[in-house]
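Quick notes on the structure that follows.
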Amino acid sequence: MTKPACSYLSFDNVSRRFGAATAVDGVSLDIAKGEFVALVGASGSGKSTLLKMVNRLIDPSGGNVDLDSQNVEDIALPALRRRIGYVFQSIGLFPHMDVGQNIAIGPRLSGTTLSPDRIGELLSLVELEPEMTSRMPDELSGGQRQRVGVARALANDPELLLMDEPFGALDPVTRDALGERVLALHREFGLTTVMVTHDMAEALLLADRVLIMDAGRIVADETPEALVAGEGGEIAQGLVAVPRHQADRLAELSR
Amino acid sequence: MSGLWEAIMGLGDQLAAHVLLSASAIALGIIVALPLAVWASRSPAVSRASLAFASLVQTIPALALLALFFPILLSLRAVFGEGLPTLGFLPALLALALYALLPILRNAVTAQANLDPGVIEAAHGVGMTFRQRLLLVEAPLSAPFIMAGIRTAAVWTIGAATLATTIGQKSLGDPIFAGLQTQNWVLVLAGCIASAGLAILADSLLGTIERGFRERRRGLWLGGLTAVLLGVGAAFFAQFGGDEDDSVVIGAKGFSEQYILARLIGQRLEAEGFAVEYRDGLGSAVAHSAAASGEIDVYVDYTGTIWTNQMKRTENPPREQMYREIARWEEANTGMEVLGRLGFENAYGLAMSREAATFGEFNSIADVAQRGQAMVIGGDPEFFERPEWIAVRDAYGLRFAGQRNFSPTFMYNALQSGEADIIGAYTSDGRIVADRLVILDDPRGAFPNYDAVLLLSPQAAEDEALRAALMPLIDAIDVEAMREANYSVDREEDKLTFDEAARLLSERAGL
C-alpha cells in the first residue's frame, strides 16, 4: 500500500489490544480527501475498533492516527469530535430532546444556536419534512430516526463522516433508500466518508474503495470493480461470493 | 376519641419542626448522594464501596443510629469546640441524612448504570465534555429514577424522624412517646396520623415532580417543586418567624414523673415571665450530659442515679452524706449546680403483686434470692444495665428464670398479666398503690437513696432570676402528692395531660 500524495486520514502501524485479545493488529492505511471507504469484515474482525480510533471513542494501544496531518491525540477531544460527523447502528438520539434539538446539539455544544431554517434544511437533506422538528424520537420509525441521526452528524458541516454499521438495524427498503441518500450527500458536500459494514453488497454499491479486515488486519484494499472481477484474495472473494450468488439466483428467477 | 381532633390540631409546632428536620435531612442526603453517584458511575470500586456503606447504615436500627450520634458529636467537640450541639437538631439531621442516603444513592447509581449505552456513545460521539454529558444527557435521563429514590427516602425519613424525640429534637414523635408513657392512645394516634399524613403528602408531591420529569412536563414538576418549597418555607417561618432564642430549656427523661415535673418547672418559669422549651424523653445518661453541656438548662435527677451511674460509686452512705458529696462532685466535675431536693424519693425497688408475695411468703429480696429462681423479672430498658441493679443482684446472689425489658408503662401491665413475676418498680409510682403491689424489703441496703434533686446547667446556675424562680420547688413535693400526680396520667380512665397533672401537683404542694 503506497501513501497517496494527498492523505487526509492516515493510520500508522495502529494496534489495539483488549487484555489478551488483539482487536486491531498493526494497521497502516491512508485515506484521501473525498473518498468513500467501506470497511468490511466478519464480527470481531476489528473494523469498528479501527473506526472508533479516529474520533477517539477508543484510543490505540500503539501507533498513530493522523487527521489532516495532525495527530488526533493532539486535538482536544470535544473539538475533534465536533469536527467529525458520526452515525452508528444504535442511532443514539437523545430521547428527552425533540428532533430539532437533537440535530442542533453539535453546534449548541460549541455555543452556537442553529436557526429553525437551518434545521429544516438539514431535515430536507435527509428527505424529512421540516415539520418533524418538534417530534420526539419515540414518535419516529426506525428509518426516520436514522435519517435524523444522519442530519445530526451533518449539522456541524463536517469534512469527515464516520458511520458504524449505520443501516444495520433498518428494513431493506429504508436501508437502500438511506444508503443512496448518504452517497448523494457525500458527493454533494465533498465529504470523506468511512463506513463500517458487514454487508458486502452495501459496500460494493456505495463505496469507491473497499477494505476487508480479518483478525485485526487489512487483508484486501480494492475498488468494487476489482472485487467483482475476482481480485483481493480468498477472504475477500468469500465475502463477495454472497451477493454474487444472490444476484445469480435472482437472474435465474427472472429468466 | 373526641379529643383526637384537638390533639392533632395542637401539633402545629411539632409538625413544623418535623417538616424542617425531614426536609433538611433529605436535602443533605441528596447533596451527598448525587455527587457520589456520579463518581460511582465512573468507578465501579466507588460504586461498590458507597452502596455497601449505605446498605450497612440501613441495617442499623434508626433509634440506635440517632443515639450513636450523641457520643460521636461529643468526641468531635475536641475538634469543633464546646459549641457543637450534641443533642437535638444536629444529631437528628446527621442520622436521618445517613438514613436517606441509601434509596437516593441506589436509584441514582442504578439509573446511571441503566442509561442506554447507545445514547451515551452518542453523547461522546457528538463531542460532549464531562460536564455537558452530565447536565444535558445523564441528569435529565436519570431524573425520574433519582426522584423515585428521593420519594422513598422522604417517606422513610418522615417516619424515622419521629424517633428524633429521644435525642431531644422536637418532632411528631413527641406525642407518640408521651402517649406511650401514659397509655394515652389518643396522643399516640394523633402523632401517628400527623406523621403518616405528612408522609403521604410528601410522597404525592414528590410523585408529581417525578411524573413531571418522566413525562417531560415542565409545568407539572415545577408545580410540585413549588408546593414542596412553599411547605418547607411555611414550616421554617412557623419555627423561626420572629422568635427570640433565649428560652429556658427544660429536660425530662422518658417516664411520666419526669414529664410532669418538667411541666411543673415550665409553668412556674412561664408565670415568672421566662420563655420555655421542653426536651422530653431523654435517656438518663443523655439527660445528665445534656445538662452538663448546657443543651438543657434544668432537669430533675435522682441522687442514687448520679451516685452509681455518673460517679461510679458502689458504697451506700447515709442520705445526707450522699447528697452533699453529689453536690460537691457536680460542682467540681461538670460545673452543674444541685439546687436542692424536691422533697420526695423515687427509689428503685423490686415489686410483686400482693397476692403472689403473700402466697409465696416473699417479704424481702433475700427471700426471692432463696426461693424465687423460677420467676421472671421485668425491668425498664435501662434497668438491667444500671450499676444499682448489678449491685443488688450481686449482694443477694439473685437468679431468675428469665429477664424481660418493658417500657415503664407496660411493665406494670406485664406484672398483672403474668408476663413478669417481679419488676424493678419506682417507689413514687402511683400504680404501686393502685395495682396493689408490695415493694420487697432491702435488708442489706443494696439499693441507694433516690432523692429527687433539681439540677441546673453551669450557665443556668449563674442566672439569679432563674434560681429565684425555681427555689420555691425545693422541699415542696412529698411522695403522696407525686404519686397522685403520677397516677393521674398513668391510670386507664380519666387520664390527665401532663400540664393538668403538673397543675394538680402544684396545687397539692401549695405552690
Seminar exercise, completed: The long-range amide H neighbours of B:MET375, using H built 1.01 Å from N in the peptide plane and a cut-off of under 5 Å, are B:ALA401
Problem set entry | Scaled radius of gyration (Cα, divided by 2.2 N^0.38 Å) that the stretch B:203-322 gives | 1.71
Exercise. In nanometres, what is the gap between the two model label sites at A:LYS33 and B:LEU68, each 7 Å from Cα along Cα-to-Cβ?
Worked result: 6.7 nm
Seminar exercise, completed: Which of A:ASP12, A:ASP59, A:ASP214 fluctuates most in a GNM of chain A (C-alpha springs under 10 Å)? That residue is A:ASP12
Exercise. To the nearest whole percent, what portion of all C-alpha pairs in the stretch A:78-230 is separated by more than 22 angstrom?
Worked result: 41 percent
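Report, as an integer, the average count of C-beta atoms from other chains found within 10 Å of each Cβ along B:124-137.
On the way: counts 9, 15, 19, 16, 7, 4, 2, 0, 4, 1, 0, 0, 7, 5.
Neighbouring Cβ atoms belonging to other protein chains average 6 per residue here.
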For this session: Sort the following peptides by mean Cβ neighbour count (other Cβ atoms within 10 Å, averaged over residues), highest first: A:75-81, A:133-139.
Result: A:75-81, A:133-139
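For the protein assembly as shown, what does the helix formula give at 222 nm: sum of -39500 (n - 2.57) over DSSP H segments with n ≥ 4, over the residue count, nearest 500 deg cm²/dmol?
Details: 32 runs with 400 residues, N = 766.
Taken over the protein assembly as shown, the calculation gives -16500 deg cm²/dmol.
Please list, by residue number, every one of the GluC sites (Glu not before Pro) in the stretch B:322-396 that is coil in DSSP and has at most 10 other beta-carbon atoms within 10 Å. Please report the intermediate quantities before stating the final value.
Numbers: sites: B:GLU325, B:GLU330, B:GLU331, B:GLU337, B:GLU345, B:GLU355, B:GLU361, B:GLU382, B:GLU385, B:GLU388; in loops: B:GLU361, B:GLU382.
Sites meeting the loop and neighbour criteria: B:GLU361.
For chain B, divide the Cα radius of gyration by the Kirkwood radius and give the resulting Rg/Rh value with two decimals. Display every interim value, and only then the final one.
Details: Rg = 26.5 Å, Rh = 25.3 Å.
Using only Cα positions, Rg/Rh for chain B is 1.05.
Counting DSSP beta bridges in the stretch A:7-254, what percent are antiparallel, to the nearest 5?
On the way: 20 of 40 bridges.
Here the antiparallel bridges make up roughly 50 percent for the stretch A:7-254.
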Exercise. So how far, in whole Å, is the C-alpha centre of the stretch B:338-385 from the one of the stretch B:7-34?
Worked result: 42 Å
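If R₀ is 25 angstrom, what is the calculated FRET efficiency for the pair B:GLN321 and B:PHE384, using the beta carbon separation as r and rounding to 0.05? The partial results should precede the final answer.
Details: r = 28 Å, r/R0 = 1.12.
Between B:GLN321 and B:PHE384 the formula returns 0.35.
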Exercise. Using the alpha-carbon centroid of each, what span in Å lies between the stretch A:191-255 and the stretch B:435-511?
Worked result: 99 Å
For this session: Whole number please: convex hull volume per residue, Cα atoms of the stretch B:348-439, in Å³.
Result: 83 Å³
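What number results when the radius of gyration of the stretch B:1-140, computed over Cα atoms, is divided by 2.2 N^0.38 Å? Please list the in-between numbers first.
Working: Rg = 20.1 Å, N = 140, 2.2 N^0.38 = 14.4 Å.
That works out to 1.39 for the stretch B:1-140.
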Seminar exercise, completed: quick note, the protein assembly as shown, DSSP beta bridge pairs, % antiparallel (nearest 5) is 55 percent
For this session: Work out from phi, with θ = phi - 60° and the Karplus expression 6.51 cos²θ - 1.76 cosθ + 1.60, the ³J(HN,Hα) of each residue of the stretch B:334-346, listed in order in whole Hz, and give x for Gly and Pro.
Result: 10, x, 7, 10, 8, 5, x, 9, 6, x, 10, 10, 10
Exercise. For A:LEU162, what is the net charge nearby, where nearby means another residue's Cβ is under 14 Å from its Cβ and Lys, Arg count +1, Asp, Glu -1?
Worked result: +2
Problem set entry | Pairs of lysines in the protein assembly as shown (C-alpha under 24 Å apart; 8 or more residues apart or interchain) | 9
Exercise. Where the Cα atoms of the stretch B:3-240 are projected onto their three principal axes, how long is each span, largest first, in whole Å?
Worked result: 66, 45, 30
Exercise. Expressed as a whole number of Å, what is the distance separating the alpha-carbon centroids of the stretch A:6-82 and the stretch B:276-296?
Worked result: 70 Å
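Order these peptides, A:201-207, A:235-241, B:462-468, by their mean beta-carbon neighbour count within 10 angstrom, highest first. Numbers along the way, then the final one.
Numbers: A:201-207: 20.4, A:235-241: 18.9, B:462-468: 13.3.
Going by the mean number of other Cβ atoms within 10 Å, highest first, we get A:201-207, A:235-241, B:462-468.
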Exercise. What is the distance, in nm, between label points placed 7 Å from the Cα along the Cα-to-Cβ direction at B:ILE474 and at A:ALA177?
Worked result: 9.9 nm
Exercise. Kyte-Doolittle mean at least 1.6 and Cα extent at least 24 Å along the axis: which DSSP H helices of chain B qualify?
Worked result: B:62-80
Exercise. How large are Rg and Dmax for the protein assembly as shown when only the alpha carbon atoms are used, in Å?
Worked result: 39.4, 124
Problem set entry | For A:VAL196, distant residues with modelled amide H under 5 Å away | A:LEU39, A:MET163, A:ASP164, A:GLU165
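Every read-out reported here was derived from the displayed coordinates using simple, explicitly stated rules and does not represent laboratory data. What you see is a predicted model, and the numbers here were worked out from it, not measured in a lab. A quick note on method: Cβ atoms are made from the backbone with ideal geometry, for glycine too, and the neighbour counts reach across all protein chains shown.
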